Every structure is written in structure tokens, then in C-alpha cells.
């Protein structure tokens, strides 16, 4: 399942209710992590480079992925209401960590199942500059980013509209 690109795996009811549920989950997690480290797993789908996108937000997501990989960014940060931007990036199986910051609890829970995405709640911000500064502050506080690190960040302007991601910015901390 991991090699096929599945975002999440689950235990069957019989296995989860067995004698050793914790050990089973630990073993399954170790196997999934090892499978993701396999050298022959294609990370970024080659076809996406020549693909035409019908949506601006999807194009911005792919631009963030491509740019972050080629610049060696420490993270891709998606300010997202619905979680779609983070989902599109995660489907490409990048090794660049993806942080999806949202004000929506339902989106946070949904994004917890996306591959390589760490969803985080952030306070609602009225303007882009405040939101971008808050996102950087949160990630520095968590130890994800340090002074001098570069990262790609996406958001929509005006803020607060699902499906409105229309901005990509490359930032350096500090």
C-alpha cells in the first residue's frame, strides 16, 4: 500500500482487537517508514512537469513543490482553509516536509491523514503579511525552521476563502 502511494493504512477490526494491538501498530508503522525510504520509490511524479492544470490553486501547489525541491527548502508551508493545497502537494511524495496551517478544525483533522503533512492550527489573520509572519513564528517556535532556512509558503488573497490559493512566496528566516 505504501509503495502504491497510499496516504494512510488501517488495521482490520480483528487485528486491532487482538492480544497485542500496540505492538501491531508499532510494527506496521516501522514497515511503512522503511518502505517509504526505499530508493526505487519514485518521489515526484515525472508526468506532473508536463501536466496542464485547470485551477490556479493547484498550479500554485505544484509550483511550491517544484521550487522547494530545487532550492533545497526546509519546508513547504500551506496556509489553507480546505486542505486542498496540502493534499495536492502530498500526492507527489516529496521528501520536503509539508506544514499545513489552518484556522479550520475540520480541515486540520482531515489533513492528519495526508502523507508527509503536519497540520497545525493557527489564529485567524485579517491580512496576508500578518498571516505569513505568524506562520513563520509558529514554525520557528516548533523548531522546524531556524534563522537562515528557506521555505516555500502558499496562501490565498484575499484570506479566508477555500480554493483561493493564488500566491507562492519563497522566504528566508531571519
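What follows is calculated from the coordinates using simple rules that are stated; it is not laboratory data. On a predicted model such as this, the values are computed, not experimentally measured, just so you know. Quick reminder, even Gly has a Cβ in these numbers, built from the backbone with ideal geometry, and neighbours come from all protein chains shown.
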Open item on the list: With equal scatterers on the alpha carbons only and no solvent term, can you work out the Debye log10 of I(q)/I(0) for region 46-172 at 0.21 1/Å?
Closed with: -1.26
Open item on the list: Only Cα pairs within less than 10 Å get springs; with that Gaussian network setup on the chain, which residue of 125, 155, 73 has the largest fluctuation?
Closed with: 125
Open item on the list: Between helix 21-36 and the chain, what is the angle of the helix's C-alpha long axis to the longest principal axis, kept within 0 to 90° and rounded to the nearest 10?
Closed with: 60
Task: Of all DSSP beta bridges in the chain, antiparallel share, percent nearest 5 - done: 35
- [ ] Please determine, in degrees from 0 to 90 and to the nearest 10, the orientation of helix 56-71 with respect to the longest principal axis defined by the Cα atoms of the chain, where the helix direction is its Cα long axis.
- [x] 80
- [ ] Treat the count of other C-beta atoms within 10 Å as a stand-in for reagent exposure and order 60, 170, 98 from fewest to most.
- [x] 170, 60, 98
- [ ] Would you compute, from DSSP H runs of 4+ residues alone, the mean residue ellipticity of the chain at 222 nm, taking -39500 (n - 2.57) per run and dividing by the full residue count, rounded to the nearest 500?
- [x] -11000 deg cm²/dmol
Task: Sorted by Cβ neighbour density within 10 Å, fewest at the top, the residues 66, 53 - done: 53, 66
TODO: Quick one: order 57, 129, 149 by neighbouring beta-carbon count within 10 Å, fewest to most.
DONE: 129, 149, 57
- [ ] State, as an integer percentage, the relative contact order of region 77-132 based on alpha-carbon contacts under 8 Å between residues 6 or more apart.
- [x] 33
Open item on the list: I'd like the distance between the alpha-carbon centres of region 59-73 and region 123-162, rounded to an integer number of Å.
Closed with: 16
Open item on the list: Given an 8 Å cut-off on Cα distances and at least 6 residues of separation, report the relative contact order of the chain as a percent.
Closed with: 22
